[in-house]
Amino acid sequence: MGPAHVVGATVIDGSGRDPSNLDITIENGRITQLGASSAHGERLDAEGLTMTPGLIDAHVHLGLSSPIQPHVSFRISAAEILGLSGRVGVITPGAQADLVLWNGNPRRPRTVLRPHQRHPRNPGRPNPKGPQMSTMWQGCLAHTDYFEMRSSGGHDYGVWVTTPPRYDPATAQAPVVYVLDGNWAVGMTAPLIVTQLDPMQSIQPYVQVSVGYAGEEAEHWERLRNRDLVPPCEPIAKEYIDAVEMGVEAGTMTREQADAYLAELSDSRGDMFLNFLTDDLHPRIERDYGTAPSGHGLFGYSYGGLFSLYAWLTNSTFFESIGAGSPGIVNADSQVFARLQAMGDTLPTTKLHMTFNDREILGDLAVYQNLAKNAATFLHRLTSRSGSVTSALMHETHVTGLQASFLSYLRTCRGQ
């Protein structure tokens, strides 16, 4: 293959500088000359970088000044690895970046460079020098890191850590708010970290830790949460089984998926998951992010809300406030009623905020009607006892109520 010369492309090198013009020469599958100049006139030159000939293919239109094939691309490209084909990794008008320079293996999240960062960042440690973002595998969320961790019980979890704007633990430490169902909830709750800068109703500083599932298990988060968020020995309501069967009939889940979904409920271990949060995960968060020693919060929605009530009823002093959004008390014989009765007249000192959705109460789905009725019954039994309990009614459905419930929890329990 003869020498090829590509000019006028754009390179983003992860250093935070302005996009640069690229000048590259390829001979016999090797980059023999590479130069890049920024808007400020900076130059970047490199020699001897290898381009494997087998990676050349005919897919992307390029303007070239030599006999090289007029259509080339990388068959195994970073864009394909990231699921961003057509948006990055191609030299074509409208692409976000024509060429990306990596300091390491792009398949490994630890080598992703953030803006203004010269070296790969240790996972889980705050970077006060510039904006943060999760790895591209998990979505772009400002001020957010992502790592994976195995519990002492042998289960793997994905963890998103979102720090407050301009967070510097050396100046002021912030407590942690743990948010459940991270695979679903992080995109709707983590951006609300900006409420700490709201001039009309600011929220007390907090570090948000969203907990979900990692790797191949991430796609099964809906059934795995049954194992982790439901109290042990929780009875399965008939209305809940009927709702799952309705999903099979509607084609939204297969018979195999439905059976696996219900199987997790037969051996629910909310107790083990609570221990993971407080005994396994929190020490790491405290160490790596310099968080405050007290003032921590917990928020869960649906079955996550049921877990929040369960955690509140353990009477632990670990959490200062707990939010239970539309708690999934589907069965009138739920463990939370038995635990509440066993507590007697004195309630935990931990703040509890419960939210409900009016569409659940007024709708015609039995599973949501029961959920709302039982949650209201639980709240009613708290009113005659001493304790710090608040509640709010959201004008949402069960599906759309998560973000509104989380914001209600922030305003009520963490407002200043």
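Brief remarks follow.
- Among the candidates T252, T291, residue that is modelled with pLDDT of 95 or more, in a loop (DSSP other than H, G, I, E, B) and among the hydroxyl-bearing types (S, T, Y): T291
- Residues being modelled with pLDDT under 90 and either within 18 Å of L180 (Cα to Cα) or out of contact with any helix residue (DSSP H, G or I) (no Cβ under 7 Å at 6 or more places or on another chain) (or both) - total across the range 317-332: 1
- Only a single item in (1) among the hydroxyl-bearing types (S, T, Y); (2) more than 26 Å from E148 (Cβ to Cβ); (3) in contact (Cβ under 8 Å) with a residue 60 or more places away in the chain is not met by Y178, and it is number (2).
- Looking at A338, A372, A342, A332, just one residue is under 24 Å from G270 (Cα atoms), open to solvent by 70 Å² or more (accessible area, probe 1.4 Å), outside any strand (DSSP E or B) and not charged (D, E, K, R), and that residue is A342.
- Candidates E320, E286: the one that is part of a helix (DSSP H, G or I), over 13 Å from N374 (Cα atoms) and open to solvent by 10 Å² or more (accessible area, probe 1.4 Å) is E286.
- Filter result (in a helix (DSSP H, G or I) and open to solvent by 50 Å² or more (accessible area, probe 1.4 Å)) within the range 188-220: M188, P191, V194, L197, G215, E216, E217, E219, H220
- Of all residues in the range 141-181 being within 11 Å of the chain's Cα centre (by Cα) and among the aliphatic types (A, V, I, L, M), the one that is surrounded by the fewest Cβ atoms within 10 Å (Cβ to Cβ): L141
- Check on T349, polar (S, T, N, Q), farther than 19 Å from M188 by Cα and touching a strand residue (DSSP E or B) at 6+ places or on another chain (Cβ under 8 Å): no
- L365 vs. criteria closer than 23 Å to V244 by Cβ and open to solvent by less than 60 Å² (accessible area, probe 1.4 Å): no
- Looking at D267, D280, just one residue is within 26 Å of L309 (Cα to Cα) and in a loop (DSSP other than H, G, I, E, B), and that residue is D267.
- Tabulated pairs, the range 286-305, first over 30 Å from T400 (Cα atoms), second open to solvent by 10 Å² or more (accessible area, probe 1.4 Å), C-beta under 6 angstrom, 6+ apart or interchain: D288/R125; Y289/P126; G290/P169; G290/Q173; T291/Q173; A292/Q173; A292/P175
- The range 375-416, residues that are open to solvent by 70 Å² or more (accessible area, probe 1.4 Å) and more than 27 Å from the chain's Cα centre (by Cα): H380, R381, T383, S384, S386
- For M246, the conditions (1) closer than 21 Å to M354 by Cβ; (2) hydrophobic (A, V, I, L, M, F, W, C); (3) open to solvent by 70 Å² or more (accessible area, probe 1.4 Å) all hold with the exception of (1).
- Selection within the range 226-240: residues that are assigned to a helix (DSSP H, G or I) and modelled with pLDDT under 80. The member of this set that is surrounded by the most Cβ atoms within 10 Å (Cβ to Cβ) is Y240.
The values are calculated or read from the model by the stated rules, or taken from the named source; none is laboratory data. Source: prediction; values computed, not measured. So basically every Cβ, Gly included, is an ideal-geometry build from the backbone, and we count neighbours across all protein chains shown. We work out accessible area using only protein heavy atoms, side chains counted, and drop any ligands, DNA or RNA first. Shrake-Rupley method; radii C 1.70, N 1.55, O 1.52, S 1.80 Å.
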